[in-house]
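Everything below concerns the one structure shown next.
The values are calculated or read from the model by the stated rules, or taken from the named source; none is laboratory data. Quantities reported herein were computed from a predicted structural model and do not represent experimental measurements. Cβ placement follows ideal geometry from the backbone for every residue including glycine, while neighbour counts extend to all protein chains displayed. Side chains are part of the model used for accessible areas, which takes the heavy atoms of the whole protein and leaves out ligands, DNA and RNA. Shrake-Rupley method; radii C 1.70, N 1.55, O 1.52, S 1.80 Å.
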Amino acid sequence: MAFRIIASQCTQCGACEFECPSGAIKFKGEAYVIDPEKCTECKGEFELQQCASVCPVPKTCIPA
Amino acid sequence: MSSPMISLKSLTSTTTMNQLLATAKSGACASSSCGSPAKPEDVDSATWEKIKDHPCYSEEAHHYFARMHVAVAPACNIQCNYCNRKYDCANESRPGVVSERLTPDQALRKVIAVANEVPQLSVLGIAGPGDGCYDWKKTKATFERVASEIPDIKLCLSTNGLALPDHVDELADMNVDHVTITINMVDPEIGAKIYPWIFHDHRRFTGLEAAKILHERQMLGLEMLTARGILTKINSVMIPGVNDEHLVEVNKWVKERGAFLHNVMPLISDPVHGTYYGLTGQRGPRAVELKTLQDRLDGGARLMRHCRQCRADAVGLLGEDRGQEFTLDRIPGEVRYDASKRETYREVVARERGDHVTAKSEAIGMVKAAGSSGLLLVAVATKGGGRINEHFGHAKEFQVYEASAIGINLVGHRKVEQYCRGGWGEESTLDDVIAALEGIDILLCAKIGDCPKDQLTEAGVRVTDDYGYDYIETAVSALYAAEFGLEPLAATA
Ligand code: SF4
Ligand code: SF4
Ligand code: SF4
């Protein structure tokens, strides 16, 4: 299970990148992307997914 | 006091070192006031040292010194109803809007390029979009790199305050001595109407709970800064019907906690910006409403009246924005800092400033001594240096001075469309200028053509270029004397 970012909505603020406990989010080429291999959905770390909780745009960090 | 002056143009346009020196010499102080105490009597000398070159913290300094902002910290930990981080636009001028985001290394290159070209530069600020305290690593890296290259530049940070308490010690270590906190409420009930959510302690909070946490963190941060002697400016966005009355209370709270300045700014809520307030039709205050509130706050924390709500990547004196001259693509890949222009400019300003201070205090003294109950609102076209030195047709804003029994004070500014573009003026622009001058008694400029002058007069706006290139206060005091039938200031100098 993993989360993903809807690139067309993203403001590229980068907040999700440094909040992600798994180091799963990187700026690649033109957009922020989540590496599904690394994303843990924050299980065991936080109650809610950090990327979705910090993202200023609704429905931008969503379940893959 | 209207004796030969240094042309500000030659100082501020990009000139060679030799030209600057020549100007400095020819402008050798006309009065004998050089070195006289040149500080406003209402702050102690340690504070004056901190603010004397800071255009936002000292109204007097804003005539001479410039700021630049770099947008290096785009991540934010709160959502405000007046902000929409999804869009930005190069033609807009408002806080939070930038045309390029920079990495700390790019920011360093840009600051050096500007310092080499804009001798007035004295302050580097990080002011969004995003929050510099939350996006801390980038803020810190930028400040550290710039400070090691240009040690005398003042570092300035704007924040919503939520993450501020976590970084106050580091700010103090880095010699950041100016911090702006945006505080729009001290009552969480009101806060809940302004902030839909915050992200704190790894989770999102909403409603009252969010506003309460934000409020507590803001007060804590402010107290911590005060305890370390860091000067704070509080920005409040005036939202009619939401927090306008409440800002009187905010002013009291922040004053009690040691805030140095309070800056009340009007809400900008154009629907095209797509903010919540823009979309729900929440209106911003009119210039007169803003001024009425500011007048009510006088006597609380010192008020800032000359804020321009700059773009978050603005460069230059407060009334101008030269940001477009310094976009990354115009900056060479490698730049080396050259201190000579800034140093020369500072020497020149130190002299010119002494002269201005004397002229100013004479003018103000005269108005106070007049004992008249009269009040005069004067709009001035200026491009800096404390003089009436801008042509009517070139002005993008007018600074507003109020003369009354308490002296002569800058009380605001009115933005206008430039009347003269490419040689002729436009009728509709003139109508807008007239509308923007609501409540103003007299307009002063360096020069104005007969045609716009006649039309302004017809519309009931008195305008004159008789005082062109004089110090603003000197001219205002003369007008005040004429208006209320007093003896004008005997010509000095
Ligand atoms: S859900 Fe959690 S682990 Fe996955 S990308 Fe978002 S923050 Fe990182
Ligand atoms: S937090 Fe949201 S808007 Fe910001 S970079 Fe991540 S996905 Fe984009
Ligand atoms: S927005 Fe106001 S306080 Fe900030 S730099 Fe501009 S004038 Fe100064």
Helix-only mean residue ellipticity at 222 nm, chain B, DSSP H runs n ≥ 4 weighted -39,500 (n - 2.57), per residue, nearest 500. What is it? -10500 deg cm²/dmol
Looking only at Cα atoms, what is the convex hull volume of chain B per residue, in Å³? 147 Å³
Give the angle, between 0 and 90 degrees and rounded to the nearest 10, that separates the Cα long axis of helix B:207-227 from the longest principal axis of the Cα atoms of chain B. 60 degrees
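Taking all protein chains in place and a 1.4 Å probe, what share, in percent, of the accessible surface of region A:3-63 do carbon and sulfur account for?
Percent of accessible area from carbon and sulfur atoms in region A:3-63: 53.
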Size of the A/B contact, given as accessible area buried on both chains, probe 1.4 Å, in Å²: 1300 Å²
Just to confirm, what accessible area per residue do you get for region B:133-194 at 1.4 Å probe, in whole Å²? 35 Å²
Between residue B:227 and residue B:406, what is the label-point separation in nm under the 7 Å Cα-to-beta-carbon projection? 3.3 nm
List, by residue number, every residue in region A:1-45 with a reduction of 40 Å² or greater in accessible area between the chain on its own and the complete protein assembly, 1.4 Å probe. A:11, A:13, A:18, A:19
Counting every C-alpha pair in region B:206-260, the percent lying more than 12 Å apart is 69 percent
If contacts are Cα pairs under 8 angstrom and at least 6 residues apart, what is the relative contact order of chain B in percent? 17 percent
Keeping all protein chains in the complex and leaving out DNA, RNA and ligands, what accessible area do you get for residue A:26 with a 1.4 Å probe, in Å² to the nearest 10? 100 Å²
Percent of all alpha-carbon pairs of the protein assembly as shown at distances over 33 Å, whole number, is 44 percent
What's the extension gain from residue B:336 to residue B:482 if we count 0.36 nm per residue and subtract their Cα-Cα distance? 47.2 nm
Compute the length gained on full extension between residue B:248 and residue B:203: take 0.36 nm times their separation in residues and subtract their Cα-Cα distance, giving the result in nm to one decimal. 13.0 nm
Trypsin sites (Lys or Arg not before Pro), restricted to region B:382-482: which are DSSP loop and have at most 14 other Cβ atoms within 10 Å? none
Counting only pairs 8 or more places apart or on different chains, how many lysine pairs in region B:340-483 have C-alpha atoms closer than 19 Å? 10
Computed E for residue B:44/residue B:144 - FRET, C-beta separation, R0 30 angstrom, nearest 0.05: 0.50
For region B:336-452, what's the radius of gyration and Dmax over Cα atoms, in angstrom? 17.3, 56
Leaving out ligands, DNA and RNA, and with a 1.4 Å probe, what % of the accessible surface on region B:34-330 is carbon or sulfur? 50 percent
Please say if region B:179-307 is rounded, prolate or oblate, where rounded means a/c under 1.5 for a ≥ b ≥ c the square roots of the C-alpha gyration tensor eigenvalues, and otherwise the choice is prolate for a/b larger than b/c and oblate otherwise? oblate
In terms of solvent-accessible area of protein heavy atoms at a 1.4 angstrom probe, what is the ranking of B:286, B:67, A:4, highest value first? B:286, A:4, B:67
Residue B:276-residue B:418 FRET efficiency (beta carbon distance; Förster radius 35 Å; 0.05 resolution): 0.65
Compute the angle between helix B:247-256 and the longest alpha-carbon principal axis of chain B, please, reported from 0 to 90 degrees and rounded to the nearest 10. 80 degrees
Specify the angular offset, from 0 to 90 degrees and rounded to the nearest 10, of the alpha carbon long axis of helix B:17-26 from the longest principal axis of the alpha carbons in chain B. 50 degrees
